[in-house]
1. Take peptides 251-258, 313-320 and line them up by average Cβ neighbours within 10 Å, highest first, as a rough protection proxy.
2. Once label points are set 7 Å from the Cα along Cα→Cβ at both E342 and D307, what is their separation, rounded to one decimal in nm?
3. Given the Cα-Cα distance of D352 and C9 and 0.36 nm per residue of separation, how much length would full extension add, in nm?
4. Counting only residues 5 or more places away or on other chains, whose amide H sits under 5 Å from the amide H of F90 once H atoms are built in the peptide plane?
5. Please label the shape of region 1-126 as rounded, prolate or oblate, based on the square roots a ≥ b ≥ c of the eigenvalues of the alpha-carbon gyration tensor (a/c under 1.5 means rounded; beyond that, a/b larger than b/c means prolate, else oblate).
6. Using amide H atoms built 1.01 Å from N in the peptide plane, name the residues 5+ places from V5, or on other chains, whose amide H lies under 5 Å from its own.
7. Placing unit charges on C-beta atoms (Lys and Arg positive, Asp and Glu negative, everything else neutral), compute the dipole magnitude of region 2-144 about its Cα centre in debye, rounded to 20.
8. Scan around R178 for amide H atoms under 5 Å from its own, H built in the peptide plane at 1.01 Å from N, and keep only partners 5 or more places away or cross-chain.
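Derivation of every value follows stated rules applied to the coordinates shown; laboratory data play no part. Keep in mind that this is a model prediction, so the values were computed, not measured. Here the Cβ is made from the backbone with ideal geometry for all residues, glycine too, and neighbour counts use every protein chain on show.
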Amino acid sequence: MAAFVCRMCGGILELPDKSRISRCKACGVIQSVPFLDSEDKETACRNAERLRSDGHFDKAMELLEGLIKLSPTDADLYWAAVLCRYEVEFSHGRPEVRRALAKSLTADEDYKTALRYADKEQRRIMERAAAEIDALRRKNLESVFSSDGCDIILVCGSSVPGSRLGTKLTAAGYRVSRADSADADSEALAQARAMIIICDRDTFVDNDFVRRLKNSGKMIIPVLDGISVDQLPMELKKFQAADTGKLGWENDVLSGTAAIFNRGNAQVSPSRSTEPMLRRIYIMLEDNDWSGAERIADQLIEKKKCDPQICAEAYLAKLLCEYRIRSESELSHLQGSFTGSENYRRAMRLGDEGFRLRIRAMLGEQTSDHSKSVS
């Protein structure tokens, strides 16, 4: 007998006779399930569902895309992809939508494909859930686009670089809303102060909208993802672009964004953008892999013990591990209680003045007395 994970409560669904729907014995909710015709597929589907329920939507989407290639007529796989794209979680049997997309869920191509391959019962379940999720999406969008509700529109679709950038921008204190395309709900999008567009071969940009946005004084930062500047839409060629294929591209975007908002503290250290082990550490931090990040930081300190600046960055990373936080911007929430940490003292002792200023800006330190105590 095949088994699947209940999307509502995390319990185990038993699927006799390869059924396409199941009622959870724990929470009582009837739901659509994938067609589990092999042990490998059953394992992959459970892993994808676990990743989605844990909030790792991009990783879940990668698994689902592979499953769809193997089972292109399985309606539930497309439905699961929709849940990932709109970042849907479930609590007490009710959906919660974390992503304020401008595009209606019912217009999503994966949703349409799911309905095309669904049987009668699956279709009824999906349509009912889609209506509820879309209502929440509209509510979130209205909240995001209130008069002061959004700083940056990030046009990235399901782009992995875009998702990572969104995480970093949010950690830096910006209010970010993500959209699927730059022409979506243009009146609402224009309320943001800046727009970042991840441009790949599938990106559609309405040039008339870009011109209106530019004329209104909004700033646009294009980010090249697998294409060249020559392949950008005409209106976007006028803007300075970052390139995901180059080291430090996230630093370029964060620095450009900081300039727009007059925030000097949003920049990323050049040493972090050029040192592969540091980049690996911060990827681990994003994934909450504290022990792995700390292990690599210790290796980096030993390897680069003659480079004080790299070691300062590594000790900063160890400080983040110590307090179980993913980015230095979150240090400000600790209200300075970490200044007694040995990792903090070593980082401030080894870092140059630019490093110290960056950390003080994050921590809100206003005097130089503390700097003298760690020098």
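1. Working: 251-258: 20.2, 313-320: 25.8.
Final packing ranking: 313-320, 251-258.
2. Once both label points are built, they end up 2.5 nm from each other.
3. On the way: separation 343, 0.36 × 343 = 123.48 nm, distance 4.98 nm.
Residue separation times 0.36 nm, minus the Cα-Cα distance, leaves 118.5 nm.
4. E96
5. Details: a/c = 1.32, a/b = 1.18, b/c = 1.12.
Note, shape of region 1-126 comes out rounded.
6. L13
7. Working: 25 positive and 25 negative charges, 94 e Å.
Value, rounded to 20: 460 debye.
8. A100, L154
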